1. Tabulate in residue order the Karplus-calculated ³J(HN,Hα) for region 120-126, using 6.51 cos²θ - 1.76 cosθ + 1.60 with θ = phi - 60°, rounded to whole Hz; enter x for Gly and Pro.
2. So if we plug the beta-carbon distance of D21 and E80 into 1/(1 + (r/R0)^6) with R0 = 35 Å, what FRET efficiency do we get, rounded to 0.05?
3. Of the listed pairs K30/K53; K30/K103; K68/K103; K2/K175, which have alpha-carbon separations greater than 22 Å here?
4. Hey, rough spin-label estimate for S142 and D193, points 7 angstrom out along Cα→Cβ, what's it come to in nanometres?
5. Grab the Cα-Cα distance for A87 and E150, subtract it from 0.36 nm times how many residues apart they are, and report the gain in nm with one decimal.
6. Within the chain, what's the longest run with no trypsin sites (Lys or Arg not before Pro) in a DSSP loop and at most 13 other beta-carbon atoms within 10 Å? Give the range, please.
7. Taking loop as defined by DSSP and a crowding limit of 16 other beta carbons within 10 Å, which GluC sites (Glu not before Pro) in region 115-168 fit?
8. Between R9 and A218, what length in nm is gained on full extension when 0.36 nm per residue of separation is reduced by their alpha carbon distance?
Amino acid sequence: MKVRPLTARTKGFAFDGDLADWGDPAAFQKIGADGSFDAAWDADGLLLAWSGKGGTANNSQDWRYLFKTGFCVDFSLRTEPSASGEAVARGDRRVVIGRHQGKWVAVLHDFVLPDGAGKEAVEYTSPVTSTGVDRVVLLPDSAVKIAVKEGGGAWSVEARIAWSALGIAPADGLKIRADAGILTPDSAGLQVDRRTNWADPDVGHVADLAIEAQIHPANFGAWILQP
């Protein structure tokens, strides 16, 4: 299992897409051949940064399908310490960040709710299989900050997600099963051409909606909150 210590940050980041205040770029974790990410935390939220090459176009018409229609970055968490196994469980979540009709948004996928699927549920269906997610919602501006910088054929994305939105109470030493990824678009930004993750090797499918909607908690690494 891959393990990544996350350092507590006591000084605020300038959320401008410039990753210079994250420190040494060599400390970033590789995602595929030409992408990387880093993560940190503070009392208010989980802090993440991604960088890579290429375009960031996304032809999204429905944010519930943002992960299918072009560039995104994402991360997934298993928030319940007692959860185990390959099947999704209560507290398993995915956040997908990308451009929807000109605005950068974060979409929360809450796979299993205590009371089952509600009005915000989505069933992602293909000829192969079906993946149900009990709750798919846009995170409000009060719960997320996103900043993007592009130029010279490269891009960087910064995000802060409030702990309350993730259902996590942060504490020194907390171990969170987690993963982070990059969804690379085709040249027109109409669909995903390549998907790569930090920990999970089984995310190469880009031609089946239901499979692309899945997460694989058994393949997650671990993020450990450190002082």
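All of the numbers you see were taken from the coordinates with simple rules; none came from a lab. Quantities reported herein were computed from a predicted structural model and do not represent experimental measurements. Cβ placement follows ideal geometry from the backbone for every residue including glycine, while neighbour counts extend to all protein chains displayed.
1. Going residue by residue, I get 9, 6, 9, 9, 8, 10, 9 Hz, with x marking Gly and Pro.
2. It comes to 0.60.
3. K30/K103
4. For S142 paired with D193, the spin-label model returns 4.1 nm.
5. 19.0 nm
6. The reported range is 120-227.
7. The qualifying sites are E120.
8. Length gained between R9 and A218: 72.4 nm.
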